[in-house]
Each structure stands twice: as structure tokens, then as C-alpha cells.
Amino acid sequence: MSDVHGRKREKTTEEVVKARKAKEAVKIKEYNQLVDECREKMKNEVYNQDTFKLTSQLVEWNLDYYTIWNYRRILLQECILKGLDAEEQQKVYNKELMLFLQLIKKNPKSYWMWNHRIWCLQNMPKPDWQAELGLVEKMLTMDARNFHGWDYRRFVVGHLRRNASNDPEALTNIIQQEYKFTTQKINQSFSNYSAWHQRSKLLPEIVASMTAEEKNQVALNELDLVKNAIYTDPEDQSAWLYYWWLLGRAPDHVTLFGAYQIESDPSIVILGFNDKIKFTQKPRLLNEQGQTVDCRLYPFDSNNQSAASIWILQQQTTSTAKRVVIDANVILPSTSAKSIPHDTVWNLGLEKLDCNMGSLESRLSDEWKPPATQMYTDPTLDDQTSWFTLDKLNLFKAEIETVRELLDIEPDSAWALQTLVHFLTQLAAYKKQDQVTIYAEIVDTLDKLCDIDSDRKLRYKDLKTDIVFKQLTSTWAHWTASPSTRFSCSCPPSKQPAKN
């Protein structure tokens, strides 16, 4: 590339602009003619060398024209490769791989070009995966954060691992080499998100055969590495996200606070949860004889017709319910932050609740209907830190102090403040007796984030709403007051009345 720094910028005259546009118009016309010709030939199934050459011209003009790449693969299968033995086919595929090396100089981030190389390697008789690994290593040396290169590297390593599946020693070497590669790239640049992400996938495998003590030492080493990164560049998100992953998340379960029966109308039952949930089936109401009582189910004053933290059951028979039974498999948490142990079964007697029925009925939404979607198990709910045994409570305490020390130096670091909120939220799940104090600090921190990071102000306000809700509900289990103090049914009525 020529050195243009220090040169006087030449003024673009109207004549120069016109000449440039005229030249571009000629190129556009030529390109469109080639496209039309290629489409016509493919429409008429003219699968020959001439059509194949047209695709070569077009992908050089436009790498992202995926239809032309699709045409090229059809032509390879229906014409170029037909009748060739394995050795000759290998030569054709090698030419395709060489075409990639020519085109990557134009745009190393073209999805369709990378996709074509993957297709070639999946179909050629003898793909050289070691050579591919060497190639992608060179590419990532030139651009260490090219996510196409990292995706391709995972693809190549995946094939190397499959080929070594019957050789444990070779498989271990592949994993260790990849882990070392991520270390190298992270040390070159702490902002390499792809390297941190790849490391998180490899780490549980790296420590699989270690003793508990060795695993814990690896965890401490990882913490040292990530803390070095966040102190070096506290505004880069890559290391912060790895920091969050490394410490994991405290178990946070959906809780049923209670089931309450309206004193003035025993046909109405109220269920209160610590978070918005969805039902896949109606809860079971049982009478004194243990028989199921037919009922309708309503979310209480919810803008989301399928999710609510308070649900109303309206009995449809003269038989009065005495208990409610809810299995974990009929409940879906509305966010991935909550989970329900699979063996959970709530079997509660109904407590009496004094409530204004007029206000309650006006706030019922449409009757609940079974959702069409099936239950999805969120993999992020799995314990990501199960590979080490360091005490989680003490670990979060120590890392919270680390973040506070950094905030003494960088008081307006948005990522440090967000991490403080995240870690304090996890600590609250472990130290339930200190939740009120912890939640108060979280609210103060979110208020500060609203001031210094206004682009994400609404997100912080939403988090604050969730924390305030937790502040209120965290004390319910300790209240000795009557259930009526936990629920207020005399709020302003909803505009949408219940439907009969």
C-alpha cells in the first residue's frame, strides 16, 4: 500500500466525478450481463466448462453473491468432477482451495467464500487437516480476531479430533495444543474475544484427568490471567465476560411463596412465585378427599399473557379445594437466570387471605391456554464451574473485593460496575441472611450505571426493577404477619376485564 500520509488532498472536480461514474457504469453493465448469462445457462441446465468459467469471473467480482457459489458447486458435481477418479478429483478440489487463497486477499470475512472451502474439504477424497490447521494459524497471525478464522479453526480441529478418537494420547495432544494456542493469542491481545471463548470450551477438558487440587490451581491461574487483563484494559469486554464465566453463577431457583384462598370467595386461589413463570399445564387443585377440582387459570395483571409471578385459579365446581400440587415439569422460568430442580414438587395447603374481590376480578387477564411451544433446556443453566471445587462463597467475596479495588482506580468503568452488580447478585444467592444489604448496594450501583452509561439506561432500570422485586420477596419467608400483607388486591383495576 502506497504511503499517502503528508500529501495534500487533491480536490475532486466535477469532470473527475463524471469520468469515475461513467467507468463504474461500464463495469456494472458488464457485471449484470455476466449474471444474466450465468442465470440463463443454469436455468437451461447448461452444465459445461463455459458456465463454470462464468462463475469464476463472477465470484472475483462479488465474493458475497452466494447464488453463484451454489451454481459453482452444482457445476462441480454435474460436470467438472463427473467421471474422474479419486486422484483427478483431488486435483480439482485443490484448485478450488487455491482459488480461496486468491480471493481471501479481497475480503477475508466473506461468509460464502469460507463456506465453499468447508464444502470442498468435506467432499474431497483426501483432505489434509494438518495443512488446514497450519493455514488458519497463519491467517489468525495476520488478523487474530477474525471470527471466520476462529470458526474455521474449530471446524478443522473438530475433524482432527474425530480422526484421533481411537488414540487417547493424540486426542489429548490436540486439546493441549489448542489450549496453548489460546494462551498465545490472549497474551498477544487481551481483547481477543474469540480466544477467550475458545479457552472456555477447552478448559473443562484440559483439567478432566487432574486431581481436585490441580484443578483448583488451574482455576486460580485462570483468575490471575483474567485479572491481569481487566487491569490492563478495564473497558474491553472480552476478559470481563470470561471472568463472569469463570466464576459461574449461583443456583437461583423458582420458589412458590404460598397458595392462598380468598376468605370471602373460597373458589378463588392465588399462587405467588418469586419470578415470572409460565405454565405448560394447569396446577392441580385437590379437595379434602384428594380429588381433582376443575379450575380455570389466569395470569394476574400481566402484560405478557403467558407469564406472571402471581397466578389466579378459579374453581368451576361446588367442591372446595384444600390443597394445590405443582410439579416442576409444568413450569417454565421466563428467564435463563432462574431454574427449577427436576424433582421439585410443591404440595401446599391453602392459607386464608382477606382480599377485595371486586378489584381482583377486574385485574384478571385472558384465561390461560396451553402453550404451543415445547420445553427447552437452556445449557447456560448448567453449572459451568463444576470442574473445580474452590469454595464459591469465599470466591465471590474475594473477587468482589478485586473489582472494588479496580473501581478505586477506575470509578467510572462501566464493565467493572456491571461485574460488581453481577457478582453481588450471585453472592446474595449464597448469603441469604445478608440479602437486604447486598441488594441495596446493587441498586446504588445500577443508579450510577444509569448516569455514566446512558446508552444502556433502560437495561439498568430493568435490572433495578428485578432487584427491587427480589428485595421485597426475600423478606416474605421471614414475615410473621398474615398472608394478606404479602398481596394487595386493591390496586387500580386493569383496563382488560376477565372473560367468562
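If we only count helices (runs of 4 or more DSSP H) wholly inside the range 82-156, which ones have 3 or more residues that are within 23 Å of Thr182 (Cα to Cα) and free of Cβ contacts under 8 Å to residues at least 40 places away in the same chain?
On the way: elements: 86-103, 111-123, 129-142.
Answer list for the range 82-156: 129-142.
Which one of these does Met1 not meet: (1) modelled with pLDDT under 90; (2) under 30 Å from Pro125 (Cα atoms); (3) of a type outside the set (Asp, Glu)?
All conditions pass for Met1, except number (2).
Going by what's in this entry, would Lys138 be described as touching a His at 6+ places or on another chain (Cβ under 8 Å), surrounded by fewer than 17 Cβ atoms within 10 Å (Cβ to Cβ) and not hydroxyl-bearing (Ser, Thr, Tyr)?
On the way: touching a His at 6+ places or on another chain (Cβ under 8 Å): no; surrounded by fewer than 17 Cβ atoms within 10 Å (Cβ to Cβ): yes; not hydroxyl-bearing (Ser, Thr, Tyr): yes.
So Lys138 does not fit the description; no.
Could you check, for the range 229-245, whether at least one of its residues is of a type in the set (Gly, Ala, Ser) and in a loop (DSSP other than H, G, I, E, B)? Spell out how you get there, then give the answer.
At the first step, the residues of the range 229-245 found to be of a type in the set (Gly, Ala, Ser) are 229, 238-239.
Okay, now just the ones that are also in a loop (DSSP other than H, G, I, E, B), so none.
Scanning the range 229-245, I find no residue that is of a type in the set (Gly, Ala, Ser) and in a loop (DSSP other than H, G, I, E, B), so the answer is no.
If we keep just the residues of the range 242-265 that are acidic (Asp, Glu) and in contact with a strand residue (DSSP E or B) (Cβ under 8 Å, 6 or more places away or on another chain), which is modelled with the highest pLDDT? Walk me through how you get there before you give the answer.
In the first step, residues of the range 242-265 are kept if they are acidic (Asp, Glu); the result is 252, 263, 265.
Then drop every residue that is not in contact with a strand residue (DSSP E or B) (Cβ under 8 Å, 6 or more places away or on another chain), which leaves 252, 263.
Working: Asp252: 74, Glu263: 85.
Among those residues, the one meeting the criterion is Glu263.
Yes or no, residue by residue, for (1) under 30 Å from Leu427 (Cα atoms); (2) assigned to a loop (DSSP other than H, G, I, E, B); (3) of a type in the set (D, E, K, R):
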{"residue": "Arg249", "(1), (2), (3)": "yes, yes, yes"}
{"residue": "Asp265", "(1), (2), (3)": "no, yes, yes"}
{"residue": "Ile270", "(1), (2), (3)": "no, no, no"}
{"residue": "Lys282", "(1), (2), (3)": "no, yes, yes"}
{"residue": "Arg296", "(1), (2), (3)": "no, no, yes"}
{"residue": "Pro299", "(1), (2), (3)": "no, no, no"}
{"residue": "Val325", "(1), (2), (3)": "no, no, no"}
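Return the residues of the range 12-47 that are surrounded by 11 or more Cβ atoms within 10 Å (Cβ to Cβ) and closer than 18 Å to Arg72 by Cα; say none if nothing qualifies.
Tyr31, Leu34, Val35, Glu37, Cys38, Arg39, Glu40, Lys41, Met42, Val46, Tyr47 - these are the residues of the range 12-47 that are surrounded by 11 or more Cβ atoms within 10 Å (Cβ to Cβ) and closer than 18 Å to Arg72 by Cα.
Kindly provide the set of residues from the range 141-154 that are closer than 16 Å to Lys106 by Cα and surrounded by 14 or more Cβ atoms within 10 Å (Cβ to Cβ), ordered by number. It would help to see each step written out before you state the result.
Of the residues in the range 141-154, the ones closer than 16 Å to Lys106 by Cα are 142-143, 146, 148-149.
Residues satisfying the conditions are Asn146, His148, Gly149.
Checking Tyr71 against (1) within 36 Å of the chain's Cα centre (by Cα); (2) surrounded by 15 or more Cβ atoms within 10 Å (Cβ to Cβ); (3) free of Cβ contacts under 8 Å to residues at least 24 places away in the same chain: exactly one of these is not met. Which one?
The failed condition is (3).
Which one of these does Glu213 not meet: (1) surrounded by 14 or more Cβ atoms within 10 Å (Cβ to Cβ); (2) over 30 Å from Val330 (Cβ atoms)?
Checking Glu213 against (1) surrounded by 14 or more Cβ atoms within 10 Å (Cβ to Cβ); (2) over 30 Å from Val330 (Cβ atoms), the one that fails is (1).
Looking only at the range 164-178, decide whether some residue is within 19 Å of Leu246 (Cβ to Cβ), in a helix (DSSP H, G or I) and not acidic (Asp, Glu). Full working, then the answer.
Kept after step one, since they are within 19 Å of Leu246 (Cβ to Cβ), are these residues of the range 164-178: 175, 178.
Subset that is in a helix (DSSP H, G or I): 175, 178.
Subsequent filtering for residues that are not acidic (Asp, Glu) retains 175.
Yes, some residue in the range 164-178 is within 19 Å of Leu246 (Cβ to Cβ), in a helix (DSSP H, G or I) and not acidic (Asp, Glu).
Got a number for residues in the range 334-370 being of a type outside the set (S, T, N, Q), at pLDDT 85 or above, within 18 Å of Lys278 (Cα to Cα) and surrounded by 15 or more Cβ atoms within 10 Å (Cβ to Cβ)? Walk me through it before giving the result.
We begin by selecting, within the range 334-370, every residue of a type outside the set (S, T, N, Q); these are 337-338, 340-343, 345-346, 348-355, 357-358, 360-361, 363-364, 366-370.
Next, only the ones that are at pLDDT 85 or above stay: 345-346, 348-352.
Subsequent filtering for residues that are within 18 Å of Lys278 (Cα to Cα) retains 345-346.
With the extra rule that they be surrounded by 15 or more Cβ atoms within 10 Å (Cβ to Cβ), the set shrinks to 346.
Within the range 334-370, residues that are of a type outside the set (S, T, N, Q), at pLDDT 85 or above, within 18 Å of Lys278 (Cα to Cα) and surrounded by 15 or more Cβ atoms within 10 Å (Cβ to Cβ) number 1.
Which one of these does Lys106 not meet: (1) within 29 Å of the chain's Cα centre (by Cα); (2) under 30 Å from Asp236 (Cα atoms)?
(1)
When residues of the range 284-294 are filtered for being out of contact with any Ser or Thr (no Cβ under 9 Å at 6 or more places or on another chain) and assigned to a strand (DSSP E or B), how many remain? Steps first, answer last, please.
Of the residues in the range 284-294, the ones out of contact with any Ser or Thr (no Cβ under 9 Å at 6 or more places or on another chain) are 290, 292.
Adding the requirement that they be assigned to a strand (DSSP E or B) leaves 292.
The qualifying residues number 1.
Give Asp275, Asp233 a once-over and let me know the one that is within 28 Å of Leu420 (Cβ to Cβ) and modelled with pLDDT under 90.
Details: Asp233 fails: modelled with pLDDT under 90.
Checking each option against the conditions leaves just Asp275.
Just checking, does the range 413-436 include any residue being surrounded by 19 or more Cβ atoms within 10 Å (Cβ to Cβ) and not in a helix (DSSP H, G or I)?
Within the range 413-436 (the criterion being surrounded by 19 or more Cβ atoms within 10 Å (Cβ to Cβ) and not in a helix (DSSP H, G or I)), the answer is yes, since at least one residue qualifies.
Going through the range 186-196 one residue at a time, which ones are surrounded by fewer than 20 Cβ atoms within 10 Å (Cβ to Cβ) and either in contact with a helix residue (DSSP H, G or I) (Cβ under 7 Å, 6 or more places away or on another chain) or in contact (Cβ under 8 Å) with a residue 24 or more places away in the chain (or both)?
First, pick out the residues of the range 186-196 that are surrounded by fewer than 20 Cβ atoms within 10 Å (Cβ to Cβ): 187-189, 191, 193.
Across the range 186-196, the qualifying residues are Gln188, Ser189, Ser191, Tyr193.
Check Ser191 against each of (1) assigned to a strand (DSSP E or B); (2) among the polar types (S, T, N, Q); (3) over 30 Å from Leu286 (Cβ atoms) and name the one condition it does not meet.
Checking Ser191 against (1) assigned to a strand (DSSP E or B); (2) among the polar types (S, T, N, Q); (3) over 30 Å from Leu286 (Cβ atoms), the one that fails is (1).
Does the range 13-31 contain any residue that is assigned to a helix (DSSP H, G or I), among the polar types (S, T, N, Q) and free of Cβ contacts under 8 Å to residues at least 40 places away in the same chain?
Keep residues of the range 13-31 that are assigned to a helix (DSSP H, G or I), which gives 14-31.
From what's left, among the polar types (S, T, N, Q): none.
Checked the range 13-31: no residue is assigned to a helix (DSSP H, G or I), among the polar types (S, T, N, Q) and free of Cβ contacts under 8 Å to residues at least 40 places away in the same chain.
The values are calculated or read from the model by the stated rules, or taken from the named source; none is laboratory data. Predicted model only: the values in this text are computed from it and were never measured. Glycine also receives a Cβ, built like all others from the backbone with ideal geometry; neighbour counts cover every protein chain displayed.
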